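Input: a single structure, listed below in structure tokens.
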Amino acid sequence: MSHAHADEHYLQAKGFYNWFFSVDHKRIGLMYLLAILFFFLVAGFSAILVRTELLFPGHTIVDARGYNVLFTLHGAIMVFLFIVPGIPATLGNFLLPLMIGAKDVAFPRLNLLSFWIYLLGVVCVLYALVGTPWKDWLDTGWTLYAPYSVQSSTGVIPITLGVFILGFSSILTGLNFTVTIHRLRAPGMTWHRLPLFCWAIYSASLIQILATPVVGITLLLLIMERIFGIGFFTPALGGDPILFENMFWFYSHPVVYIMILPAMGVVAEILPVFSKKPIFGYRAIAYSSLAIALVSFFVWGHHLFVSGMSYWSRWVFSLLTFAVAIPTAIKVFNWISTLYKGSIRLDSPMLYACAFIFLFTIAGLTGIPLATLATDVHLHDSYFVVAHFHYTMQGGTVIGLLAGLHFWYPKIFGKMYNELASKVGFWMLFIGFNMTFMPQFLLGYFGMPRRYYDYLQEYADLHFMSSIGAYLNGLAYLFIFGNLIYGLFKGKAAAKNPYESLSLEWTVPSPPPLTNFDEVPTVEDWTYGYASEQNA
Amino acid sequence: MPIDVSGISEIGTRVDQVQMALIWLMAFCFIACNAVLIYFMLRYRRKSANQPTADLRGSHFIETVWTLIPTIVVIIIFFYGINVWSDMRTPPEDSYQINVKARQWSWSFEYPDGRVEATEMVVPVDTPIKLNMVSEDVLHSFFLPHFRVKEDVVPSQYTYLWFEAKKTGDYHIFCTEYCGKDHSAMLGNLKVVDEEAWQRWLRNEPEPGQAPLSPEQRGEKLWEKWGCKGCHSTDGSVVLGPSFKGIYGKEEHFESGESLVIDDNYIRESIYSPQAKIVKGFTNQLMPSFQGQLKEDDISDVIAFIKSLQ
């Protein structure tokens, strides 16, 4: 794109070549966005099928194996293809260079490579899930626990290979962002002026770099065991199945913070803009992201609380798990305090951001009985965990992503969506989501185990209610995305800075020019000086 | 549904006390945070474009306070939880011990006198019971929701849990670690009986006023209890293995190319060494052996049951 004019915006170029071979961070971010939202809808649809099967006890639409395939499909696609790349690969890619006043990420070509690697991983994962005859579709659950995954005749090797490949994509993106934040900040953009979204992406990137290799090794061992019969995890071969659980969660617990930290970053950007107030406790929020990233490496054992792990391991992991609660609580208190004495406009990005806080308090608080050993034993592997997890991942990460999409939509696309329709969509989602997962807390507390095709009659009412909620939840997404797509074609042209943000990405036109900034900006103050009364 | 389990066991009652305390705590924090959030959203809603806003950037004092309070609270909860859990993990010395074996997709229970039962575990009331558990294939998890106890069942490693029932009755046994196709059918029943019924059960006597079962009926019970019905139907439909309907006395062709008329010896061999003669076309799902679980008496009951399905 050597002939690009400085005033040409990044969306102008058409054609496959200009996108698929583009090293521009904005185009790569947008391609990622398209890909992950597609997989979000696919995995969401399989969740609808799962909930339809669970409408009534016994056979509803599929048999037991079909059900196991469906929840595997849902979990594997949601985790590996949607939520791990998630906010960093999309909004992160698009916004990070703009927010710190850079023309691109540190390694633009590596950035494109990581997208290509992602697509290669996608092919492998899809082959394992749906690329073979029906009887070979993967049915191990996304967790791939040994020894079931060693014995299963389904596509365990292709999916492990796929996740292994996706891991490289994740590591390269993390590396790229880390270097970008260290090296490419504009003059005056000191660490303590860095937008909190960048702090969150930075923390998540560190986890991506440090934790992902472990799952790579784990999956490689699983492949070796299946192909060569080397005993790592199968007792009959001299292996240890608990070893797989330890190694798997050593990655897969930190990874939930790769998913949630960037969403927290999005919320921290939106609250001050829509309250016209400085973010409260900037440093506490920034450092608590790092603290969460650090602690996330020491709590994987809580997934093994009833696995046969030793008494003292459980004791120590319970204590360490509680440590996560502290930085998380600090963040929530600071977010809420930001609203105090503000001038709040409740446009849809702000509604999503406030819903994030509301739902995340439920997600966080229900983590307490799961960290407490006495109560976790009963709740472990029950629907309570399913509900808790979905409150963090859907109520947290997905709501955070939607908050960000609505907030930066005018910047990314140069258009505005219909505000009234987006509010309608928001309330559909809010009600549908809570109706789906609130009953699941009760189901879990009443002893309903997870991953059950069939259930006892006594659980039927709550399951039915949850499924009805899921339909509303699904419908809400169609409505929300429909509105966003409609806005692309029929929306009004967006102003440069419709929400009067002080952050650097809003100083460039909407959509941004290919080269971001005509000249490198100089940063004079931190990003959050919104108050009308200075030093009140 | 195990909602109120107070009185069923001491540990379960204590777990629920912790749970109730946590529910109150969660409710308090949830309401406190969100009441403030919603109040601020409404109270400071923008009414005019130049509504003044305060330049509040943070406070070391407030940050310290709201770091210390959650820290103290979680430490208290941690020790409160550990206290109950520690007792949950410490079986009394004089516990009655039962060995539990898990396999895809059934439970079996071996009593100290060598007796083996499947699906239903009978235990005496007011007696601490310790389960020594191991899996024969993949991971499983043994869960007694009414007793608030659970522990994974792992191949090649013994795990344990203990409980003491204070009330007679029937209670659920669930498998809570995903173990393949029929994970959700891997259910069992815990039958807690009084001392008199327990002694009668130990001596294998029928309950008073009940006629002893016929061999066919006993065979049918075994077919249900040992999970045979998961793969072998009685109505001619093929699930994973051949149906039992009308197979007795019928000539069958095997994978090896041999053929044979199905008789008592073939059935016995197929229960103890299922891989010896596999009926043609049934190699997808291999049946596990029931050697050491079904005794000779049981085998003849199963044969009687299959014979009756003509």
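The values are calculated or read from the model by the stated rules, or taken from the named source; none is laboratory data. Because the structure is predicted, anything quoted here is derived from the model rather than measured. As a convention, Cβ positions derive from the backbone with ideal geometry for all residues, glycine included, and neighbour counts pool all protein chains shown.
Data for the structure
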{"item": "Residue match in segment A:327-336 (condition: at pLDDT below 95, in a helix (DSSP H, G or I) and among the hydroxyl-bearing types (Ser, Thr, Tyr))", "result": "yes"}
{"item": "Verdict on A:Phe297 being over 23 Å from B:Gln157 (Cα atoms), touching a strand residue (DSSP E or B) at 6+ places or on another chain (Cβ under 7 Å) and touching a residue at least 40 places away in the same chain (Cβ under 8 Å)", "result": "no"}
{"item": "In segment A:337-353, residue farthest from the other protein chains (Cβ to nearest Cβ) [restricted to those that are part of a helix (DSSP H, G or I) and polar (S, T, N, Q)]", "result": "A:Ser348"}
{"item": "Helices (runs of 4 or more DSSP H) fully within segment A:1-95 counting 2 or more residues that are buried (at least 19 other Cβ atoms within 10 Å of the Cβ) and out of contact with any Cys (no Cβ under 7 Å at 6 or more places or on another chain)", "result": "A:25-53, A:64-76"}
{"item": "Segment B:18-39: number of residues that are surrounded by fewer than 20 Cβ atoms within 10 Å (Cβ to Cβ), touching a residue at least 12 places away in the same chain (Cβ under 8 Å) and at the interface with another protein chain (Cβ under 9 Å from one of its Cβ atoms)", "result": "1"}
{"item": "Count of residues meeting criterion [under 19 Å from A:Trp315 (Cα atoms) and either part of a helix (DSSP H, G or I) or among the hydrophobic types (A, V, I, L, M, F, W, C) (or both)] in segment A:354-382", "result": "11"}
{"item": "Candidate set from segment A:374-394 (those that are hydrophobic (A, V, I, L, M, F, W, C) and within 21 Å of B:Ile173 (Cα to Cα)); member that is nearest to the other protein chains (Cβ to nearest Cβ)", "result": "A:Ala374"}
{"item": "Output for segment B:146-201, where each listed residue is of a type in the set (S, T, N, Q) and at the interface with chain A (Cβ under 7 Å from one of its Cβ atoms)", "result": "B:Ser156, B:Gln157, B:Thr159, B:Thr176, B:Ser184"}
{"item": "Residue list for segment B:65-113, restricted to those being facing chain A (nearest Cβ under 10 Å) and hydroxyl-bearing (Ser, Thr, Tyr)", "result": "B:Thr67, B:Thr71, B:Tyr80, B:Ser86, B:Thr90"}
{"item": "Filter result (polar (S, T, N, Q) and either more than 24 Å from the chain's Cα centre (by Cα) or surrounded by fewer than 19 Cβ atoms within 10 Å (Cβ to Cβ) (or both)) within segment A:469-502", "result": "A:Asn497, A:Ser501"}
{"item": "Residue in segment B:202-224 that is closer than 30 Å to A:Gly141 by Cβ and either of a type outside the set (A, V, I, L, M) or within 14 Å of another protein chain (Cβ to nearest Cβ) (or both) present", "result": "yes"}
{"item": "Segment B:210-229 residues that are in a loop (DSSP other than H, G, I, E, B), paired with ones that are among the aliphatic types (A, V, I, L, M) and surrounded by fewer than 19 Cβ atoms within 10 Å (Cβ to Cβ) (beta carbon under 9 Å, 6 or more apart)", "result": "B:Ser214/B:Ala304; B:Gly227/B:Ala185"}
{"item": "Residue within segment A:198-208 that is under 23 Å from A:Leu161 (Cα atoms) and touching a Phe, Trp or Tyr at 6+ places or on another chain (Cβ under 7 Å) present", "result": "yes"}
{"item": "Top-ranked residue of segment A:309-325 - restricted to ones that are in contact (Cβ under 8 Å) with a residue 40 or more places away in the chain and surrounded by fewer than 21 Cβ atoms within 10 Å (Cβ to Cβ), ranked as farthest from the other protein chains (Cβ to nearest Cβ)", "result": "A:Met309"}
{"item": "Wholly enclosed strands (runs of 3 or more DSSP E) of segment B:102-176 bearing at least 2 residues of a type in the set (A, V, I, L, M)", "result": "B:116-118, B:120-124, B:128-135, B:149-153"}
{"item": "Extreme residue, farthest from B:Tyr44 (Cα to Cα), among residues of segment A:273-308 that are within 10 Å of another protein chain (Cβ to nearest Cβ) and part of a helix (DSSP H, G or I)", "result": "A:Leu304"}
{"item": "Residue tally, condition surrounded by fewer than 20 Cβ atoms within 10 Å (Cβ to Cβ) and under 27 Å from A:Ser307 (Cα atoms), over segment A:146-197", "result": "4"}
{"item": "Hits in segment B:271-303 (condition: outside any loop (DSSP other than H, G, I, E, B), farther than 18 Å from B:Glu136 by Cβ and either of a type in the set (Ser, Thr, Tyr) or outside the structural domain of B:Ser243 (by TED's automatic domain parsing) (or both))", "result": "B:Ser300"}
{"item": "Qualifying residue in segment A:309-321 (condition: closer than 30 Å to A:Glu419 by Cβ and in a helix (DSSP H, G or I))", "result": "no"}
{"item": "Only one of A:Ser532, A:Ser503 that is in contact with a Ser or Thr (Cβ under 7 Å, 6 or more places away or on another chain), within 14 Å of chain B (Cβ to nearest Cβ) and not hydrophobic (A, V, I, L, M, F, W, C)", "result": "A:Ser532"}
